[in-house]
């Protein structure tokens, strides 16, 4: 028998409030970690594409890029759980509406980016465009949530 979502939400709230004051604070910190790791992604991608001259041993930049992406994705999981199952899609004001709309498309863009990473048949500009779009969306989501939380509480 499936566990009711209200029970899961209560367990989530109990878990995150062992470390953070509120679930919203947890969401803001996880989103902040994700955007910091996304900045690492952008920086290492620029290095991989030869746009940023960073001198590191072979394979280091690629490994940092892969692991920062994995960790960024993991940081978004509690955030998306909170947004989807506890808060839901909201349109209470412009900031929240933008946040809800962009957030609704984030994982779709993530899937496209991963598809471009795995399948090399796409044009060379497709992966940087998908990665840049994903970063831009994450930045908008963070600005309308994490940044807003830290500057308004």
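Brief remarks on what is shown
- Residue selected from region 61-87 under the condition in contact (Cβ under 8 Å) with a residue 24 or more places away in the chain and farther than 19 Å from residue 29 by Cα, by the criterion surrounded by the most Cβ atoms within 10 Å (Cβ to Cβ): 65
- Taken over region 102-123, residues that are surrounded by fewer than 14 Cβ atoms within 10 Å (Cβ to Cβ) and not in a helix (DSSP H, G or I) amount to 4.
- Search result, residues across region 88-101 that are surrounded by fewer than 16 Cβ atoms within 10 Å (Cβ to Cβ) and either in contact with a helix residue (DSSP H, G or I) (Cβ under 6 Å, 6 or more places away or on another chain) or in a helix (DSSP H, G or I) (or both): 89, 90, 91, 94, 95, 97, 98, 101
- Residue in region 26-42 that is surrounded by 15 or more Cβ atoms within 10 Å (Cβ to Cβ), touching a residue at least 24 places away in the same chain (Cβ under 8 Å), over 16 Å from the mean Cα position of the chain (by Cα) and farther than 17 Å from residue 145 by Cα present: no
- Of all the residues in region 1-13, those that are farther than 12 Å from residue 82 by Cβ and either within 23 Å of the chain's Cα centre (by Cα) or at pLDDT below 75 (or both) number 7.
- Here residue 145 does not fit the description of being more than 21 Å from residue 62 (Cβ to Cβ) and under 11 Å from the mean Cα position of the chain (by Cα).
- Counting the residues of region 51-69 that are in a helix (DSSP H, G or I) and either under 17 Å from residue 139 (Cα atoms) or touching a helix residue (DSSP H, G or I) at 6+ places or on another chain (Cβ under 8 Å) (or both) gives 6.
The values are calculated or read from the model by the stated rules, or taken from the named source; none is laboratory data. Everything numeric here is computed off the predicted structure, so don't read it as measured data. Cβ coordinates were reconstructed from backbone atoms using ideal geometry, including for glycine residues, and neighbour counts include every protein chain displayed.
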